[in-house]
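The values are calculated or read from the model by the stated rules, or taken from the named source; none is laboratory data. Predicted model, so just to flag it, every value in this text is computed and none were measured. Don't worry about glycine lacking a Cβ; one is built from the backbone with ideal geometry, like all the others, and counts go over all protein chains shown. Each accessible area value is taken on the protein alone, full model and side chains, heavy atoms only, with ligands, DNA and RNA left out. Shrake-Rupley method; radii C 1.70, N 1.55, O 1.52, S 1.80 Å.
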Amino acid sequence: MYFAGKGGGSLALDESTSALNRQRRYVEGLLSRIVVAVVFMGLLVALAALRMGLSWDNAAPAIGVLAVVALLNIPYWYLGKRAEFPLWQFYIHWAGDLILITVIAYLLGGLDVPLMQFGYLMMIVTAALFVSQRAAYHLATGATLVYGFLGIAETAGWIPHRQGLWAHHYGTETRYYIVAISAGFFYLLAYLTGTLSELLRRANEELASTKDIVEDQNRLLEQRVRERTRELEARTLELQEQTAELEELVHIVTHDLQNVAVASTETVRKLVEMDGANFSPRGQRYIDRIQRDCRLMATMLRNLLEVVTQSEVAERRELVNVAG
């Protein structure tokens, strides 16, 4: 009848968790006790209303105890809030639940109630899965003591027998067997569920460790990517500077060579004007070839200069919204 909250580990480990996590688990435990108590109250009301082996005289006291179980969560809440929700108070809740479950078992017929041990088994399972295997063994011991005391008290006549559920009764010898077998089941279930919880806890720890390794690798990879990006950016900047220097050099050389080509063309033209009549046919052919080559060189240098100029302009192009 108790849910310790999500997660695993011993109480000492749980106490090291954050205050917010402690409060959440504490509140979940109280809410689960209310839910379970209400569910059992509804079950008893249904059995009594349908007359399925249970009368209102038997059901009413048990329903009252379940109501007490639910109402106890109010002082539990205030006590936990004042102490900042310490998880060691789980043991106080469990002790009260063991006593109240035993009282409910007696009110419904004591050891004559079939499968009443499930109330204790639920506590053992939740303690093993959500707290620790040691806590499960503690609950198994407590369940054995209170259930055994109930059997001894009924058999010895310390408390009167009550009308059992479905009018079912066991003999004295069978009662001892029931207590012994129940104790065996309590410890067996504590061992099995505790072992399972330990395996799950180790698996969670390994997963957490693996997650840390993966996160470290991711951080290292991100760092390497950032370093590589910075290197690429520096290299890109260097290449841009070199490209700018090269373009400037091309500008200067192209402009100077173009001046030379123009000057050479002009010199040949003047030479033809002044002494063209004195040239031999062969000399005239050379003069024509020189003029043609100088014009071609000037055209090529002008085209090269235009290509360089257009490349610089293209690098600075931006999108402009012409619709606005």
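Are there any pairs, at least 6 apart or on different chains, whose C-beta atoms fall under 6 Å, with the first in the stretch 68-92 and closer than 19 Å to Ala37 by Cβ and the second in a helix (DSSP H, G or I) and of a type in the set (Lys, Arg), and if so, which?
Between residues of the stretch 68-92 that are closer than 19 Å to Ala37 by Cβ and residues that are in a helix (DSSP H, G or I) and of a type in the set (Lys, Arg), the close pairs are Asn73/Arg33.
Could you list all residues from the stretch 164-216 that are over 40 Å from the mean Cα position of the chain (by Cα) and of a type in the set (D, E, K, R)?
Glu173, Arg175
If only one of Tyr176, Tyr170 is modelled with pLDDT of 80 or more and either open to solvent by 100 Å² or more (accessible area, probe 1.4 Å) or closer than 30 Å to Tyr147 by Cβ (or both), which one is it? Break it down stepwise before answering.
On the way: Tyr170 fails: modelled with pLDDT of 80 or more.
Step by step, each of Tyr176, Tyr170 is checked, and only Tyr176 is modelled with pLDDT of 80 or more and either open to solvent by 100 Å² or more (accessible area, probe 1.4 Å) or closer than 30 Å to Tyr147 by Cβ (or both).
Starting from residues that are closer than 27 Å to Leu304 by Cβ and of a type in the set (A, V, I, L, M, F, W, C), keep the ones in the stretch 272-290 and report whichever is modelled with the lowest pLDDT. Before the answer, list the steps.
Quick first cut of the stretch 272-290, residues closer than 27 Å to Leu304 by Cβ only: 286-290.
Now drop any that are not of a type in the set (A, V, I, L, M, F, W, C), which leaves 287, 290.
On the way: Ile287: 77, Ile290: 80.
Restricting to residues being closer than 27 Å to Leu304 by Cβ and of a type in the set (A, V, I, L, M, F, W, C), the top hit is Ile287.
Would you pick out the residues in the stretch 46-79 that are of a type in the set (S, T, N, Q) and open to solvent by less than 30 Å² (accessible area, probe 1.4 Å)? Explain how you work it out, then say what you get.
Initial filter on the stretch 46-79 (of a type in the set (S, T, N, Q)): 55, 58, 73.
Within the stretch 46-79, Asn58, Asn73 meet the criteria.
When the residues of the stretch 174-210 are filtered to those that are of a type in the set (D, E, K, R) and in contact with a helix residue (DSSP H, G or I) (Cβ under 8 Å, 6 or more places away or on another chain), which remaining residue is farthest from Ile152 (Cα to Cα)?
Taking the candidates together, the pick is Glu198.
Return the residue satisfying two criteria in turn: it lies in the stretch 101-138 and is hydroxyl-bearing (Ser, Thr, Tyr) and in a helix (DSSP H, G or I), and of such residues it is nearest to the chain's Cα centre (by Cα). Spell out the reasoning first.
Just the residues of the stretch 101-138 that are hydroxyl-bearing (Ser, Thr, Tyr), to begin with: 102, 106, 120, 126, 132, 137.
Filter once more, so that each one left must be in a helix (DSSP H, G or I): 102, 106, 120, 126, 137.
Values: Thr102: 41, Tyr106: 46, Tyr120: 33, Thr126: 23, Tyr137: 31 Å.
Of everything passing the filter in the stretch 101-138, Thr126 is nearest to the chain's Cα centre (by Cα).
Please verify whether the stretch 143-160 includes one or more residues that are assigned to a helix (DSSP H, G or I), at pLDDT below 85 and open to solvent by 90 Å² or more (accessible area, probe 1.4 Å).
no
Please find, among Leu296, Leu249, Leu257, the residue that is in contact with a Leu (Cβ under 7 Å, 6 or more places away or on another chain), modelled with pLDDT of 75 or more and open to solvent by 70 Å² or more (accessible area, probe 1.4 Å). Break it down stepwise before answering.
Details: Leu296 fails: in contact with a Leu (Cβ under 7 Å, 6 or more places away or on another chain); Leu249 fails: in contact with a Leu (Cβ under 7 Å, 6 or more places away or on another chain).
Just one listed residue meets the conditions, Leu257.
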